Every structure is written in C-alpha cells, then in structure tokens.
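In what follows, a single structure is set out as structure tokens and then discussed.
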Amino acid sequence: LDQLAARVNDVLAMPAPRLLLCRTGQRAGMARETLAKLGVSGLSVIQGGIEAYRAVGGDTVEGKAVMSLERQVRIVAGSIGAIGALLAIFVHPAFIALPLFIGVGQVFAGISDWCGMGLLLAKMPWNRGSAGASAATAGGCAATAPAGCAASAPPEA
C-alpha cells in the first residue's frame, strides 16, 4: 500500500478492468481508494478477498508460505511485554512502562482497527516482495486484469 503512489504507472500499465485482491479484502479496499485518488479507473475489489473466494470453492495457487502480520504482531507485542516486565522486576520499576504501552496499543488497535506495530512490521524486509516485484503484487495484495488472475473460477454449483 505504501508503494502505490510511487508505482502507479505499473498499475496503469495493466489493462482495465483491474481486480484488487488480498486475503480478506480490507487492504484491497484501501488500495482501491488510493489508486482512485491517483486517477486509476477500472478498479474492482473482490469482496471478502481470497478467503471468501476459497470458501465458495475457488482454486488458488499457493505461493511461498510466510508468517501473517497478525502472528508477527503477537510475537513482538508479547516479547516486548515480557521483557518490560522482567526489566521492571530485576532492573528498575520504570520499565513497567513497556508492557503498559504495548497493552494500551493493543487495546487501541482492537477498538480502532488500526495497528501501528502491524504497519511497521509490514515495512520490514522479510514482509516485502522481491525487489523485482511489481506494485501490483507488493504488500500482499494483487492487482491484475482478469485474464492474468492466478485463481480459477469457482466450480459451478
């Protein structure tokens, strides 16, 4: 998402209609808003994302398995909380601010559906596509013209 403005020409190079797809549809919706503001038309978001597509029987091709951002946030938040508590016990009571800060941040993320730690982790090198990846697939979302889609149509019901 943070690369869309810089790489809007890569998206414009794809013929319309352009399908935006991510795991649940949330990031694809944000991508559509950003691209529309940049003058890109012919955008459609697959509601419910790849999870909804799979739920109706659509076939997909799995890429390299990566740890979800949600799991990464849990690991980092838990680690900072535990380290802060240990530092508060063994070094100085002021370190209690670390787990307090993380706890408040997690409550805020739950209420607002905005997670700063998740956004920071998304920018880490291991969460980035390869250097040669296009803007269309960077950040876990895909934008493609229907003929280039890596998923086949769901079977007839």
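Quick notes
- Considering residues of region 52-94 that are among the acidic types (Asp, Glu) and over 18 Å from Met117 (Cα atoms) only, the residue modelled with the lowest pLDDT: Glu62
- Taking region 1-20 as the range and being in a helix (DSSP H, G or I) and either open to solvent by 60 Å² or more (accessible area, probe 1.4 Å) or touching a Lys or Arg at 6+ places or on another chain (Cβ under 9 Å) (or both) as the test, the residues that pass are Asn9, Asp10, Val11, Leu12.
- Residues of region 58-97 classified as more than 29 Å from Arg27 (Cβ to Cβ) and either touching a residue at least 24 places away in the same chain (Cβ under 8 Å) or in a helix (DSSP H, G or I) (or both), total: 14
- Filter result (out of contact with any strand residue (DSSP E or B) (no Cβ under 9 Å at 6 or more places or on another chain) and in a helix (DSSP H, G or I)) within region 26-44: Gln26, Met30, Glu33, Thr34, Lys37
- Conditions (1) open to solvent by 60 Å² or more (accessible area, probe 1.4 Å); (2) part of a loop (DSSP other than H, G, I, E, B); (3) farther than 20 Å from Ala109 by Cα; number of the one not met by Arg23: (3)
- Qualifying residue in region 45-56 (condition: assigned to a loop (DSSP other than H, G, I, E, B), open to solvent by 70 Å² or more (accessible area, probe 1.4 Å) and of a type in the set (Val, Ile, Thr)): yes
- Candidate set from region 78-87 (those that are among the aliphatic types (A, V, I, L, M) and under 18 Å from Gln106 (Cβ atoms)); member that is nearest to the chain's Cα centre (by Cα): Ile80
The values are calculated or read from the model by the stated rules, or taken from the named source; none is laboratory data. These numbers come from a predicted model, not from an experiment. Positions of Cβ are generated from backbone atoms using ideal geometry, with glycine treated the same way; all protein chains shown enter the neighbour counts. These accessible areas exclude ligands, DNA and RNA; they are computed on the full protein's heavy atoms, side chains included. Shrake-Rupley method; radii C 1.70, N 1.55, O 1.52, S 1.80 Å.
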